[in-house]
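The values are calculated or read from the model by the stated rules, or taken from the named source; none is laboratory data. None of these values were measured; they are calculated from a predicted model. Cβ placement follows ideal geometry from the backbone for every residue including glycine, while neighbour counts extend to all protein chains displayed. The accessibility values were calculated without ligands, DNA or RNA, using every heavy atom of the protein model including side chains. Shrake-Rupley method; radii C 1.70, N 1.55, O 1.52, S 1.80 Å.
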Amino acid sequence: GGGGGGSGSREAVERLVREHPVVVFMKGSPAQPLCGFSNAVVQILRLHGVEDFRAHDVLQDPDLRQGIKNYSNWPTIPQVYLNGEFVGGCDILLQMHQNGDLVEELKKLGIRSALLDAEKDQEKK
């Protein structure tokens with residue numbers, strides 16, 4: 001597609017959300033999140049043992065920061081994508097974490113949540 005192929009273009013954003021089963025657009029990096037909500041998303045994924053995910057720091061790229069909001073039609077960062085589908089931000093991910101939906105969604109991606117194993121350990125005791 002000619003023209004407007006910058007990092008904030010729909011095509012560019014689409015490529016990013018599809019390049020990995022778990023993609024997070026955040027402020028800062030997983031090692032050094034620069035906002036509490038971005039940090040919370042990283043922590044929730046880690047609780048489930050999801051260390052292998054793709055994170056994009058929107059603070060490094062204003063075009064991407066705007067582009068991802070346009071793409072998802074969601075006004076805030078962080079944003080989480082599973083299998084190329086927009087899931088939501090911190091509050092939605094937290095809700096899914098609490099009601100068990102996140103375990104199910106990860107299972108669809110072939111990712112076994114670490115929480116399942118943690119629960120098994122509890123039962124043994």
| query | Here are some conditions: (1) in contact with a Leu (Cβ under 9 Å, 6 or more places away or on another chain); (2) open to solvent by 60 Å² or more (accessible area, probe 1.4 Å); (3) within 18 Å of TRP74 (Cβ to Cβ). GLU51 meets all but one. Which one does it not meet? | reply | (3)
| message | Quick test for you: out of TYR71, TYR81, pick the one residue that is hydroxyl-bearing (Ser, Thr, Tyr), in a helix (DSSP H, G or I) and either buried (at least 18 other Cβ atoms within 10 Å of the Cβ) or within 14 Å of the chain's Cα centre (by Cα) (or both). | response | TYR71
| task | Output the number of the condition that SER29 fails; it satisfies all remaining conditions of (1) buried (at least 18 other Cβ atoms within 10 Å of the Cβ); (2) small (Gly, Ala, Ser); (3) farther than 13 Å from GLN79 by Cβ. | result | (1)
